[in-house]
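S.K.: Got a structure for you, written out below as structure tokens; questions coming shortly.
The values are calculated or read from the model by the stated rules, or taken from the named source; none is laboratory data. For clarity, every value in this text was computed on a predicted model and none was experimentally measured. For neighbour counting, all protein chains shown are included, and Cβ atoms are generated from backbone atoms with ideal geometry for every residue, glycine included.
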């Protein structure tokens, strides 16, 4: 009887911790969503009020580096999904491999963004060049800052990928890190199509 109560207590404690962790991540993602939503609102208001687009007599932005960034981040979401599947199966070798590739792709995304900024500067677009360039830099800078945080959170998964059994807390970490990464991938896709494509 005592053992059964102890098991129930552990189960309820784990479920409660999982719920609290999920709610905390939801709050974080909603906060980030509001930040990006305010940027998108300002951008779309500016765009619909401009008689000519692109504004300021500029040409359309080059799609090369933004497209490279998009391919990288979409691929990174796929590799992290592969990590999640390996995690559920308890396959340590695949977990480590998928995680390493995801981290590498995250670093590659940062590199592609630096090339994007360098490309903007080469055509004379700086953050101080006007409203439109400042919006482009704001979106990409803020997104990169979040990507850096997400990459650091991926390193949190390295010791977890070496374990054969997982606690509720470790399962929550994997779930929340994945949510954060996929959220940033979706945000980038919206940035890509809103600012660079259309």
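Each row is one residue, and each column tells you yes or no for (1) at pLDDT 95 or above; (2) surrounded by 15 or more Cβ atoms within 10 Å (Cβ to Cβ).
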| position | (1), (2) |
| --- | --- |
| 34 | no, no |
| 42 | no, no |
| 60 | no, no |
| 100 | yes, yes |
| 104 | yes, no |
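S.K.: Then there's this: Applying the selection to segment 106-132, what residues are surrounded by 17 or more Cβ atoms within 10 Å (Cβ to Cβ) and more than 28 Å from residue 50 (Cα to Cα)?
M.R.: Listed by number, the residues that qualify are 106, 108, 109, 112.
S.K.: Also: For segment 136-154, enumerate the residues that are more than 20 Å from residue 115 (Cβ to Cβ) and touching a helix residue (DSSP H, G or I) at 6+ places or on another chain (Cβ under 7 Å).
M.R.: Listed by number, the residues that qualify are 153, 154.
S.K.: Is it the case that residue 186 is assigned to a helix (DSSP H, G or I), under 28 Å from residue 97 (Cβ atoms) and either touching a strand residue (DSSP E or B) at 6+ places or on another chain (Cβ under 9 Å) or at pLDDT 95 or above (or both)?
M.R.: yes
S.K.: Moving to a separate point now. Just checking, which of 66, 133 is in contact with a helix residue (DSSP H, G or I) (Cβ under 9 Å, 6 or more places away or on another chain), at pLDDT 95 or above and in a helix (DSSP H, G or I)?
M.R.: On inspection, the qualifying residue turns out to be 66.
S.K.: Mind listing just one residue for me: the one in segment 82-100 that is part of a helix (DSSP H, G or I) and in contact (Cβ under 8 Å) with a residue 24 or more places away in the chain and, of those, nearest to residue 125 (Cα to Cα)?
M.R.: Among those that are part of a helix (DSSP H, G or I) and in contact (Cβ under 8 Å) with a residue 24 or more places away in the chain, it is 99.
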